[in-house]
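Trainee: Got a structure for you, written out below as structure tokens; questions coming shortly.
Just so you know, all these numbers are worked out from the coordinates, no wet-lab data involved. Note that the structure is predicted; figures quoted are calculated from it, not measured. Please note: Cβ atoms are built from the backbone with ideal geometry, for glycine as well, and neighbour counts cover all protein chains shown.
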Amino acid sequence: MSIATEPHGVTEPHAHSHGHDDAASASSRPKLAVWKFASCDGCQLSLLNCEDELLSIAEAVHIAYFPEATRAVVEGPYELSLVEGSITTPDDVRRIHEIRAQSGVLATIGACATAGGIQALRNWADVDQYRSVVYAHPEYLKTLDTSTPIASHVDVDYELRGCPVDKKQLIEVLAAFLNGRKPRIPTYSVCVECKLKGNVCVPVATGQPCLGPVTQAGCGALCPSYGRGCYGCFGPQDSANTESLTRQLVELGMPSDDIVRVYRTFNAGAPAFAAASDAVEADAVEAAASRAAEQGGAS
Amino acid sequence: MDDIRILQASGLDALIEELRSRGFRVVGPTLRGDAIVTGEIRAASDLPRGKGDSQDAKTYRVRSRGDDAYFGFAAPAQSSKPVFFPAEEVVWRGHRDHDDDGHFTVERDTPDGAPIALLGVRSCDLRAVQIHDRVLAGRSHVDAHYVGRRDGAFVVAVACSDPAASCFCASMGTGPRPATTDPETGASSYDLLLTEILGEDDHHFVMEIGTDAGREVADEIGASMGHPADRDDAVAVTDAAAARQTRAIDTTIVHDVLRASAESPRWEDVASRCLACTNCTLVCPTCFCTTVQDVSDLTGDSAERHRVWDSCFSESFSYIHGGPTRESTKARYRQWITHKLSSWEDQFGMLGCVGCGRCITWCPAGIDITEEAAALGRMSGLAAPAPAT
Ligand code: SF4
Ligand code: SF4
Ligand code: SF4
Ligand code: SF4
Ligand code: SF4
């Protein structure tokens, strides 16, 4: 179990500001582990997609556990753990506590890990019911009624939002970790990045709905940069006023069902978005009831 | 400078060419996608000829005017603010030299690039540049990067003929016809001022000369001499434009209204609508707040300090030792409008709003500074109550 994975072609790892030996061996570089829970692996792939930086990352940290990339495993503790995925089974709960205990800095990556992911839609469903419909032997299945973010179970040092995470933010967390500083992870709205880029505002100039005003920055305003409204994949910003945004979406002609759906995507489980979708649903139910009552009264 | 010239519409290319041959990078309004934005102008064909705009709370649309006007629209999506004061810039770069005992050297970044000629800048935005001259370059600590870009800039202003519904410069005293001189410094506001005149079969600009440099350019491109009556034509255009403005702020009371409104119940109301999205501040030609971000690479051998626009609408803006001082959106909205319409005057001697209307157009929730100021006026008892309907 303890075969060190030497990054390809690297024999003399770089020295670091915080005092590693010049002739640092694999064992003196900080150990990085990448963990997976309920998720699609897309965020881990974002890490592998950091092609230009991957070599420097491998020089700077000792990739000790990263099944998506290598089968070799180095035992903990790990100076830095990146955790992808949400907690959906009793075993997940046990495992995340073990990982926390073995990790120095623990950062969660992606909408699954930070909000429960698209699979948090189960939070609105009856798990027993669909379990018996989907599986021939539901009794073999050990699953929780909900999909929850990692931070609902253990302390998390940094959260990287997004479905998937943004490559630049991943590098920023690694660079900050290696240099002993705090990573820059803004929690303001997507509109900030959108305006800094010089984009023309999509809803104002075209009438298309955009979730940017209630969504946390980090993607570089990707969708509005291509003339499309933001889908909210980075989850709620720190001061999300979903009530006001819902009114704007209604005014732009979005039907209630669609509004419920836009809040219930990758970040359905994020409290601000969950509450917003529930509120729209409740209003729609109430409106339908009063319509029915009116029709009943009129007849 | 009582010198009036006439530039035929066909002479715009000569003007642009002359500025370019003098080494200026010409920056002005141009159509990009769904909006008129500020970009590089290489020829008159880069200008949004025949285009107008419709602007109102949370709506912006480009429209066809059905004529050949080059400047027949109001405030572009972004002002000239980023030209002199970019959204993000490097302040310094640092490098660790392993051959020199790990010594860390820091180099100040100096803005390079050609001097700027603003073409077609509107009165509101020109006033905003003067306000930035005061804020960024007219106090004890001068913003060297701003001054580096602003010094030696050439300004061809354009008087507005067709304000949008969002415009209220007339009430702010900042347009639609620009003041000849900067009231703070006494310097000429522009090198050249153009007023577009579109007749039946005549399309020309009344060109007013503001500086010697402006006169040189006018001479060089052969702009013919005009008459005092041409100035009357130009003033008639802006008078009509001012008369068409529907929004207004009462500047005689607004400073005191905001002072009296610290505890107004209006803040709760506006906070229920405000998305705390920051758009209003980032499109405002006078907002100048920035934050500093330090960036390092994985090795820590290279680092950069960036200066980036910030906004009093974000929670992190007021973060001090463990928490934000303006946690609620109502505190942030109050800060913003109070700064624009009251405390800015205490700080810099003029209001911080030039009436360009961008915060109204580009607010995704359609919050209207003129409406909020009017409501605060009524609620504070300093303005007459709204007529009963
Ligand atoms: S396009 Fe969307 S994200 Fe961009 S400024 Fe407009 S509302 Fe905000
Ligand atoms: S506060 Fe609004 S109207 Fe006034 S200058 Fe700024 S953006 Fe223009
Ligand atoms: S209104 Fe806000 S962002 Fe604008 S200058 Fe004042 S404090 Fe700065
Ligand atoms: S506010 Fe005045 S100067 Fe500015 S675009 Fe409108 S009419 Fe022109
Ligand atoms: S006033 Fe409008 S633009 Fe400004 S932060 Fe609030 S919602 Fe955004």
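Trainee: Using r as the Cβ-Cβ distance of A:ASP257 and B:ALA243, and R0 as 41 Å, what FRET efficiency do you calculate, to the nearest 0.05?
Mentor: The calculated FRET efficiency here is 0.30.
Trainee: For A:VAL285 paired with A:LEU55, estimate the spin-label separation in nm (one decimal), with each label point 7 Å from Cα along the Cα-to-Cβ line.
Mentor: Those two pseudo-labels are separated by 5.9 nm.
Trainee: Helix hunt in chain B: which complete DSSP H runs extend at least 15 Å axially by C-alpha with mean Kyte-Doolittle at least -0.5?
Mentor: Flagged H segments are B:123-137, B:228-243, B:369-380.
Trainee: Determine the shape class of the stretch A:126-218: with a ≥ b ≥ c the square roots of the Cα gyration tensor eigenvalues, call it rounded for a/c under 1.5, and otherwise prolate if a/b is greater than b/c, oblate otherwise.
Mentor: Oblate is the answer for the stretch A:126-218, as a/c is 1.5 or above yet b/c matches or exceeds a/b.
Trainee: A follow-up question, please. Dividing the convex hull volume of the Cα atoms of chain A by its residue count, what figure in Å³ per residue is obtained?
Mentor: 157
Trainee: Label point 7 Å out from B:GLN293 along Cα-to-Cβ: which residues of the stretch B:304-341 have amide N under 17 Å?
Mentor: B:304-319
Trainee: Which residues in the stretch A:113-156 have a backbone N closer than 19 Å to a point placed 7 Å from the Cα of A:LEU45 along the Cα-to-Cβ line?
Mentor: A:113-114, A:117-119
Trainee: Connecting C-alpha atoms closer than 10 Å in a GNM of chain A, tell me which of A:ALA151, A:ALA282, A:ALA58 has the biggest fluctuation.
Mentor: Residue with maximal mean-square fluctuation among A:ALA151, A:ALA282, A:ALA58: A:ALA282.
Trainee: I'd like the mean, over residues of A:201-211, of how many other protein chain beta carbons sit within 10 Å of each residue's own Cβ.
Mentor: The shielding value for this peptide is 5.
Trainee: To make sure I understand, if each residue's beta carbon is the centre and we count other beta carbons within 10 Å, what order do A:THR148, B:THR195, B:THR252 fall in, fewest to most?
Mentor: Fewest to most other Cβ atoms nearby, the residues stand as B:THR252, A:THR148, B:THR195.
Trainee: Any idea what log10 I(q)/I(0) is at q = 0.15, 0.19 Å⁻¹ for the stretch A:15-178, Debye with uniform C-alpha scatterers and no solvent?
Mentor: After summing over all Cα pairs, the log10 values are -0.81, -1.19.
Trainee: State whether chain B is rounded, prolate or oblate according to the following rule on the C-alpha gyration tensor (a ≥ b ≥ c being the square roots of its eigenvalues): a/c under 1.5 gives rounded; otherwise a/b larger than b/c gives prolate, and the remaining case gives oblate.
Mentor: oblate
Trainee: What list do you get for B:ARG134, B:ARG150, A:ARG94 if you sort them by fewest beta carbons within 10 Å?
Mentor: Sorted ascending by nearby Cβ count, the order is A:ARG94, B:ARG134, B:ARG150.
Trainee: Size of the dipole of the stretch A:190-286 about the Cα centre, Lys and Arg at +1 and Asp and Glu at -1 on the beta carbon, nothing else charged, in debye to 20?
Mentor: 500
Trainee: Label the stretch B:280-322 by shape, choosing from rounded, prolate and oblate, from the square roots a ≥ b ≥ c of the eigenvalues of the Cα gyration tensor; if a/c is under 1.5 it is rounded, and otherwise prolate applies when a/b is larger than b/c, oblate when it is not.
Mentor: Oblate.
Trainee: A follow-up question, please. Given a Förster radius of 25 Å and the C-beta distance between B:ARG42 and B:THR181 as r, what FRET efficiency does 1/(1 + (r/R0)^6) yield to the nearest 0.05?
Mentor: 0.20
Trainee: Would you work out which of A:PRO164, A:VAL105, A:ILE150 lies farthest towards the positive end of the dipole of the stretch A:15-178, given +1 charges on the beta-carbon of Lys and Arg and -1 on that of Asp and Glu, about the Cα centre?
Mentor: It is A:ILE150, whose Cα lies furthest towards the positive end.
Trainee: Helix-only mean residue ellipticity at 222 nm, the protein assembly as shown, DSSP H runs n ≥ 4 weighted -39,500 (n - 2.57), per residue, nearest 500. What is it?
Mentor: -9500 deg cm²/dmol
Trainee: Let me ask something else. Counting DSSP beta bridges in chain A, what percent are antiparallel, to the nearest 5?
Mentor: 20
Trainee: Given the C-alpha centroids of the stretch A:68-116 and the stretch A:147-226, what is the distance between them in whole angstrom?
Mentor: Taking the Cα centre of each part, the stretch A:68-116 and the stretch A:147-226 sit 21 Å apart.
Trainee: Next up: Mind checking the dipole of chain A: about its Cα centre, +1 per Lys or Arg Cβ, -1 per Asp or Glu Cβ, Debye to the nearest 20?
Mentor: 320
Trainee: Of the listed peptides A:283-292, B:54-63, what is their order by residue-averaged count of other C-beta atoms within 10 Å, with the highest listed first?
Mentor: Listed from highest to lowest mean packing, they are B:54-63, A:283-292.
Trainee: Compute all pairwise cysteine Cβ distances in chain A, then list the cysteines with no distance under 4.7 Å to another cysteine.
Mentor: Here A:CYS40, A:CYS43, A:CYS50, A:CYS112, A:CYS194, A:CYS201, A:CYS210, A:CYS219, A:CYS223, A:CYS230 come out as lacking a disulfide-compatible partner, given the Cβ-Cβ threshold of under 4.7 Å.
Trainee: Follow-up question, since we're still on this one. Grab the Cα-Cα distance for B:ASP346 and B:SER302, subtract it from 0.36 nm times how many residues apart they are, and report the gain in nm with one decimal.
Mentor: This chain segment gains 11.7 nm when fully extended.
Trainee: Follow-up. Based on other C-beta atoms within 10 Å, arrange B:PHE73, B:PHE317 from fewest to most.
Mentor: In increasing order of surrounding Cβ atoms, one gets B:PHE317, B:PHE73.
Trainee: Taking the Cα centre as origin and putting +1 on Lys and Arg beta-carbons and -1 on Asp and Glu beta-carbons, what dipole magnitude results for the protein assembly as shown, to the nearest 20 debye?
Mentor: With Lys and Arg at +1 and Asp and Glu at -1, about 1300 debye.
Trainee: Also, I was wondering about something else. With springs only between Cα atoms under 10 Å, which of A:VAL214, A:VAL133, A:VAL173 fluctuates most in a Gaussian network model of chain A?
Mentor: The residue with the greatest mean-square fluctuation here is A:VAL133.
Trainee: At what distance in nm do the modelled label points of A:ALA293 and B:ASP99 sit from each other, each positioned 7 Å from its Cα along Cα→Cβ?
Mentor: 8.3
Trainee: With the crude spin-label approximation of a point 7 Å out along Cα→Cβ, what separation in nm comes out for B:ARG108 versus B:SER54?
Mentor: Taking the two extended label points, one gets 5.1 nm.
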